[in-house]
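The values are calculated or read from the model by the stated rules, or taken from the named source; none is laboratory data. This one's a predicted model, so the numbers in the text were calculated from it and none came from an experiment. Glycine also receives a Cβ, built like all others from the backbone with ideal geometry; neighbour counts cover every protein chain displayed.
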Amino acid sequence: MIAYVFRRLLDLVFVLLGVSILVFLMIRFIPGDAVEIMLGANTDITPARVEALRHSLGLDLPIHVQYWHWLTGVLHGNLGTSIWTGRPVSQEIMARLPATLEITLLALLLALVLSLPLGVLAARARGSTGDLVVRVLSIVGLTLPTFWVGVLMLLVFSLYLPGWPAIGYVPLTEHPLGNLARMALPVIAVSLPIIAGLTRILRSSLLEVLGSDYVRTARSKGLDERLVLYKHALRNALIPMVTVIGVQLGYLLSGVVVIEQVFAIPGVGRLIIGAINQRNYPLIQGVVLVVTAVFVVVNLLVDLTYAWIDPRVEYT
């Protein structure tokens, strides 16, 4: 177990290193010059001023030197300095991270709370009207774009509930009810495809488990059907679902980027979009690195959860 965790942590380091290299190189190919964008349409722009600003930002150095300086800073806990605000990138991210994490965690929690009973219902009532309704709703949930659902919900609430605070963000510590009211719509919009995907996976997995030999043996011993379902079958059926939860987190984070724009939420998604428009290289690199780190750590925790769900899982 310890050796497995060590290998996964080593893999994590290499993944983050590879992502940092790719992001560092790719953002250099974004059209536009950060220095020229910063100077704007100023009539006093001269080649000397452009070069002076480029030199002060370190953008005149070779790419491999720029990357090395940034990487050594990251290893010392310094993600760099925002080109536009002059603030540390870590402070910029930490100021926006609570809103993004709140949407992500609430959407994941809502998806788990709804997909578990829906998946069990569809599996128990296989072939019935309830099963058909759940499957149709799952297909609809998977096909609807997150941003379209968000815009549609804004339209409906503006027409029928104009007093509902649907736009903006209020910290949970300042106004809990106002925070939850503003989080309701974006959380529902982001969680719909996750609910649909997890429901379909749990249904398929549970149907397969219910047809296994040990479940038939448990039934032949006269055990209560609920005991067979929830104690013997459901636990094993959750293994594929746990795997998907780790993968879905990546899609969830990408959906949050879009939904933050729709609902004007000052989160990491809006931060990185603004950084791309401004060619704010250090901020883009820092945000992508932090999001990637969160994603791979969650996947590591998902793998370790297998031991709790199914002790037969081997760590190789």
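Give the residues of segment 159-174 that are of a type in the set (Ser, Thr, Tyr) and either in contact with a Ser or Thr (Cβ under 8 Å, 6 or more places away or on another chain) or assigned to a loop (DSSP other than H, G, I, E, B) (or both), sorted by residue number.
Those that are of a type in the set (Ser, Thr, Tyr) and either in contact with a Ser or Thr (Cβ under 8 Å, 6 or more places away or on another chain) or assigned to a loop (DSSP other than H, G, I, E, B) (or both): 169, 173.
Just to be sure before I move on: is residue 85 not in a helix (DSSP H, G or I) and not acidic (Asp, Glu) in the structure I sent?
yes
Yes or no: residue 104 buried (at least 21 other Cβ atoms within 10 Å of the Cβ) and either outside any loop (DSSP other than H, G, I, E, B) or without any contact (Cβ under 8 Å) to a residue 60 or more places away in the chain (or both)?
It is true that residue 104 is buried (at least 21 other Cβ atoms within 10 Å of the Cβ) and either outside any loop (DSSP other than H, G, I, E, B) or without any contact (Cβ under 8 Å) to a residue 60 or more places away in the chain (or both).
Being within 21 Å of residue 114 (Cβ to Cβ), out of contact with any Asp or Glu (no Cβ under 9 Å at 6 or more places or on another chain) and assigned to a helix (DSSP H, G or I) is the requirement here; does residue 228 meet it?
Judged against the criteria, residue 228 is not a match.
With respect to residue 153, determine if the residue is within 30 Å of residue 238 (Cβ to Cβ), assigned to a helix (DSSP H, G or I) and not small (Gly, Ala, Ser).
no
With surrounded by fewer than 22 Cβ atoms within 10 Å (Cβ to Cβ), polar (S, T, N, Q) and within 31 Å of the chain's Cα centre (by Cα) as the only criterion, which of 217, 243, 199 stands out?
That would be 243, the only listed residue that is surrounded by fewer than 22 Cβ atoms within 10 Å (Cβ to Cβ), polar (S, T, N, Q) and within 31 Å of the chain's Cα centre (by Cα).
Pairs needed: first member in segment 250-269, on the phi > 0 side of the Ramachandran plot; second member anywhere, in a helix (DSSP H, G or I) and of a type in the set (D, E, K, R); C-beta distance under 9 Å; at least 6 residues apart or different chains.
264/270
Looking at 72, 104, 81, which is the one that is β-branched (Val, Ile, Thr), modelled with pLDDT under 85 and within 28 Å of the chain's Cα centre (by Cα)?
Step by step, each of 72, 104, 81 is checked, and only 81 is β-branched (Val, Ile, Thr), modelled with pLDDT under 85 and within 28 Å of the chain's Cα centre (by Cα).
Which one is nearest to residue 248 (Cα to Cα) among residues in segment 268-316 that are modelled with pLDDT under 75 and aromatic (Phe, Trp, Tyr)?
306
Just name the residue that is modelled with the highest pLDDT out of those in segment 37-69 that are acidic (Asp, Glu) and farther than 14 Å from residue 281 by Cβ.
Among those residues, the one meeting the criterion is 51.
Anything in segment 119-131 that is of a type in the set (A, V, I, L, M) and surrounded by fewer than 23 Cβ atoms within 10 Å (Cβ to Cβ)? List them, or say none.
120, 121, 125
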